[in-house]
Amino acid sequence: MIAVIDYSMGNLHSVHKALQHVTNDLVEITSSPDVILKADHVVFPGQGAARDCMSELHKRELVDVVQEAAASKPFLGVCMGMQVLMEHSLEGGGIDCIGMFKGTVKHFQDHIGATDSEGNRLKIPHMGWNQVKHTQQNHPLWNNIEDNSRFYFVHSYFIDPVDKDIIAGETEFGIKYPSAIAKDNVFAIQAHPEKSAHDGLQLLKNFTTWDGQS
């Protein structure tokens, strides 16, 4: 069974539908700690503001549940579900996050100019299709996905992990930033695989058959 964590901050039904499309396993949207911790795979989606995300997680007493799931079984973070795995986000004046990985979530406007190196105007949020360069080439979730394939993004903040070895993918948007991370049984991606056509569905399919080993 695959649990999609419900804390009122994710594109839940799109993620649920995409997962159902690529697997015959039961896919359940849930906020139940028991269901989440009994699941074989856990998906942690999210969108919106980090402060609201953490508020909802605390309200539903899910912070420890997310930490336990991410420490014990194949775990996929999506968009905000990747960002809040860091220690701290600078969004909204700053908010402490889950802290699975040391690092900070930063705003693009503090790190990029008005145009990229080719003179193209950059608008925040970073919205639309962009390439993901595989930096962990052999990770199982990249199976059957070509390097530099395009995924769909919508975000104004990016992660800056302390341990650069966890970076599994990078994307260019004014700067080169980590767009995917992976360590042990955890994989997380800033893009929305459920909105990323064939390659996004392939990543989700890879996840559903992944045993958590890299």
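So the values come out like this:
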quantity	calculated
Flag if Glu61 is out of contact with any strand residue (DSSP E or B) (no Cβ under 6 Å at 6 or more places or on another chain), within 23 Å of Ser32 (Cβ to Cβ) and in a loop (DSSP other than H, G, I, E, B)	yes
Residues of the stretch 39-57 classified as open to solvent by 30 Å² or more (accessible area, probe 1.4 Å) and touching a strand residue (DSSP E or B) at 6+ places or on another chain (Cβ under 8 Å), total	3
For Ala180: the one exception among (1) open to solvent by 10 Å² or more (accessible area, probe 1.4 Å); (2) out of contact with any helix residue (DSSP H, G or I) (no Cβ under 7 Å at 6 or more places or on another chain); (3) at pLDDT 95 or above	(1)
Counted residues, the stretch 90-104 - those being within 21 Å of Ala71 (Cβ to Cβ) and crowded, with 19+ Cβ neighbours inside 10 Å	5
Which numbered condition Ser31 misses (of (1) loosely packed, with under 14 Cβ neighbours inside 10 Å; (2) over 20 Å from Ile189 (Cβ atoms))	(1)
Boolean, Asn148 is at positive phi, loosely packed, with under 14 Cβ neighbours inside 10 Å and in contact with a strand residue (DSSP E or B) (Cβ under 9 Å, 6 or more places away or on another chain)	yes
Residue ID - modelled with the lowest pLDDT, chosen from residues in the stretch 196-214 that are polar (S, T, N, Q) and either open to solvent by 80 Å² or more (accessible area, probe 1.4 Å) or over 17 Å from Asp40 (Cα atoms) (or both)	Ser214
Qualifying positions in the stretch 183-195 - open to solvent by 10 Å² or more (accessible area, probe 1.4 Å) and either assigned to a loop (DSSP other than H, G, I, E, B) or free of Cβ contacts under 8 Å to residues at least 12 places away in the same chain (or both)	Asp184, Asn185
Pair list, Cβ < 7 Å and 6+ apart or interchain, from the stretch 76-103 residues that are free of Cβ contacts under 8 Å to residues at least 40 places away in the same chain and under 15 Å from Ala191 (Cα atoms) to residues that are of a type in the set (Lys, Arg) and surrounded by fewer than 18 Cβ atoms within 10 Å (Cβ to Cβ)	none
Filtered residues of the stretch 167-176 (kept if open to solvent by 10 Å² or more (accessible area, probe 1.4 Å) and either in a strand (DSSP E or B) or modelled with pLDDT of 95 or more (or both))	Ile167, Glu170, Glu172, Phe173, Ile175, Lys176
Residues of the stretch 2-17 that turn out to be open to solvent by 10 Å² or more (accessible area, probe 1.4 Å) and either in a helix (DSSP H, G or I) or on the phi < 0 side of the Ramachandran plot (or both), as a count	9
Residue pairs meeting the criteria (Cβ under 7 Å; at least 6 apart or on separate chains; first more than 17 Å from Cys79 (Cα to Cα), in the stretch 145-173; second assigned to a helix (DSSP H, G or I))	Ile145/Asp199; Ile145/Gln202; Ile145/Leu203; Ser149/Asp199
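The values are calculated or read from the model by the stated rules, or taken from the named source; none is laboratory data. Remember, it's a predicted structure, so these values are computed and weren't measured experimentally. Neighbour counts are summed over all protein chains in view; Cβ atoms, including those assigned to glycine, are modelled from backbone coordinates with ideal geometry. Note: accessible area is taken over every heavy atom of the protein model, side chains too, but ligands, DNA and RNA are not part of it. Shrake-Rupley method; radii C 1.70, N 1.55, O 1.52, S 1.80 Å.
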